[in-house]
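Down below is the structure, laid out as structure tokens.
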Amino acid sequence: MLAKIDAASLQGIEALNVEVEVHVGYSDTCVVIVGLPDAAVRESRDRVGSAMENSGFKFPKGRTTINLAPADLKKEGPSFDLPIAMGMLAASEQMETSLLPHYMIVGELALTGAVRPVKGILPIALRAQKEGKRGILVPQVNAHEAAVVRGIDVIPVQNLREAANFLEEQVSIPPCKVDLTNLLGHVTDMDLDFSDVKGQESVKRALEIAAAGGHNVLLIGPPGTGKSMLAKRLPGILPPLTLDEALETTKIHSTVGLMESGQALVKHRPFRKPHHTASDAGLLGGNVHPSPGEISLAHNGILFLDELPEFRRSVLETLRQPLEEGKVTISRAAGTMTFPASFMLVAAMNPTPDGKMPDDSRCSPREIQNYLRRISGPLLDRIDLHIEVPTVPFDKISGMEAGESSEQIRQRVIAARNIQLRRFSQSKVIMSNANMSSRALKVCCQLNEASLDLMKQAMAHVGLSARAYDRILKVARTIADLAQQEHIHSDHVMEAIQFRELDRQIWT
């Protein structure tokens, strides 16, 4: 007898429909799996056999042929265990049901018959919705993640016997439900608040501007001045994730297997901090079959690169395309994948190898030059704000006065972001000032005569590139938004120019 089950296979962060065809015929008892299965899928015949016997079912006699269609699509992972088991039960007439065409099934089986969680449940649930399925059978641990998809019934199953009884309508399993309105929200980590940072008011101001416009930041200063401390508090002043952003971020984390047990959504903006020994594949994504890397895991959040010059230059240069386009394309022999990678880059570094400012350093000019050459000019041009983080005076460190809280700063950031959302409401691509195209710059960043004179002097005096000119305009627009000003004034431009001068002072 022939049985057909709908399942799904992950390709990057998307799921593609896979039809599991199971035929039980007459011959010596054996199981053959065809359709480009990987090792984990081929091993499913042993897991399924033991799970069926330990669940009170009989292993089919004769030749069982399992076809995973389409045949030219590589099938990976253990998520095909449960649909294969359901197909074998239906094909061997141990289960009679008319519900199979209406449900997508996914899950790994333990030898006891228990259903274990798998990666990528959210993309698979979205595929089931797109295919018009009534529902999806998922491991109980993954149920909340799948339940954020509207329009389908998410049926959590604990074991093979329970799944079979549900499809035969012998038991009723209520669909898993989640309340999306209560899922999203901002919970400030009391251990990571800007009020705990002593001094550094100018740096806090710069980070507020960066958060308000989604700008990239470079923090330059001696060790112990609080660069990492400030960067870790930056997520606390960012606007909360929208539902669309949360779904897209969750898809990436679900595909990589970073979702915690019972977690439905990634509720807060990611903060990724890869070590400086990270490889190209670790940062961009890769492996034999392309998978998301650190820059994609930081999508809609922050990628923090501490000790920036310690990263290999080849690794840093790979950031240039994602910083411009908000996505990364990876080509391997197995195929080409494009992953979203729209993130805020926050980098920190010492100005010299010994950590001191150039005027106080004991390093030779050649040593300092070689150290700074690890960061290319094109990469620096893509960083909007270059911020000096000075040593904090003793009276500031020992003082008891607390600064502004993250929540106070965040409210101003949200107000500025709301202005930008209204400004770019007709665009599906531009979400903040940092994403503005050349055409949007001409419309939204018009300068008066005084501001143009300032820009002309800065270009001549500091030696800025055309890309740096555009970055200054974007930052000036953000400063104006924070001040609730419709037009950019000369003081906004002056403040934006200051964030481009420090790197030229150090690098020259």
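The values are calculated or read from the model by the stated rules, or taken from the named source; none is laboratory data. Everything quoted here is computed from the prediction, not taken from an experiment. Here the Cβ positions follow ideal geometry from the backbone for every residue, glycine too, while neighbour counts run over all protein chains shown. The area values use the complete protein model at the heavy-atom level, side chains included, leaving out ligands, DNA and RNA. Shrake-Rupley method; radii C 1.70, N 1.55, O 1.52, S 1.80 Å.
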All helices (runs of 4 or more DSSP H) inside region 1-103 with 2 or more residues being open to solvent by less than 20 Å² (accessible area, probe 1.4 Å) and farther than 21 Å from ASN142 by Cβ: 44-54, 81-91
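Take region 328-341 and flag every residue that is in a loop (DSSP other than H, G, I, E, B) and in contact (Cβ under 8 Å) with a residue 60 or more places away in the chain. Give the steps one after another, and end with the answer.
We begin by selecting, within region 328-341, every residue in a loop (DSSP other than H, G, I, E, B); these are 333-334, 341.
Hit for region 328-341 is ALA334, nothing else.
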Residue that is farthest from PHE194 (Cα to Cα) [pool: residues in region 369-419 that are among the β-branched types (Val, Ile, Thr) and open to solvent by less than 20 Å² (accessible area, probe 1.4 Å)]: ILE375
Hey, ALA51 modelled with pLDDT under 95, touching a Gly at 6+ places or on another chain (Cβ under 8 Å) and of a type in the set (A, V, I, L, M) or not: no
Test: LEU454 is touching a strand residue (DSSP E or B) at 6+ places or on another chain (Cβ under 9 Å) and modelled with pLDDT under 90: no
Hits in region 39-55 - residues which are basic (Lys, Arg) and out of contact with any Asp or Glu (no Cβ under 8 Å at 6 or more places or on another chain): ARG42, ARG45
Sole residue being touching a Phe, Trp or Tyr at 6+ places or on another chain (Cβ under 6 Å) and under 26 Å from ASN300 (Cα atoms), chosen from ILE430, ILE472: ILE430
Sole exception among (1) touching a strand residue (DSSP E or B) at 6+ places or on another chain (Cβ under 6 Å); (2) open to solvent by 10 Å² or more (accessible area, probe 1.4 Å); (3) touching a residue at least 24 places away in the same chain (Cβ under 8 Å) for HIS144, by number: (1)
Any hit, region 268-279, residues being open to solvent by less than 40 Å² (accessible area, probe 1.4 Å), over 12 Å from the mean Cα position of the chain (by Cα) and either over 23 Å from LEU234 (Cα atoms) or hydrophobic (A, V, I, L, M, F, W, C) (or both): yes
Scan of region 373-405 for residues that are modelled with pLDDT of 85 or more and of a type in the set (A, V, I, L, M, F, W, C), ordered by number: ILE375, LEU379, LEU380, ILE383, LEU385, ILE387, VAL389
Test for LEU111: is it assigned to a loop (DSSP other than H, G, I, E, B) and either surrounded by fewer than 24 Cβ atoms within 10 Å (Cβ to Cβ) or touching a helix residue (DSSP H, G or I) at 6+ places or on another chain (Cβ under 8 Å) (or both): yes
Qualifying residue in region 476-492 (condition: in contact with a Ser or Thr (Cβ under 7 Å, 6 or more places away or on another chain) and open to solvent by less than 60 Å² (accessible area, probe 1.4 Å)): yes
Scope region 426-447; condition outside any helix (DSSP H, G or I) and at pLDDT 90 or above; matching residues: SER432, MET436, CYS445, GLN446, LEU447
Filtered residues of region 342-383 (kept if more than 33 Å from the chain's Cα centre (by Cα), of a type in the set (A, V, I, L, M, F, W, C) and in a helix (DSSP H, G or I)): ILE368
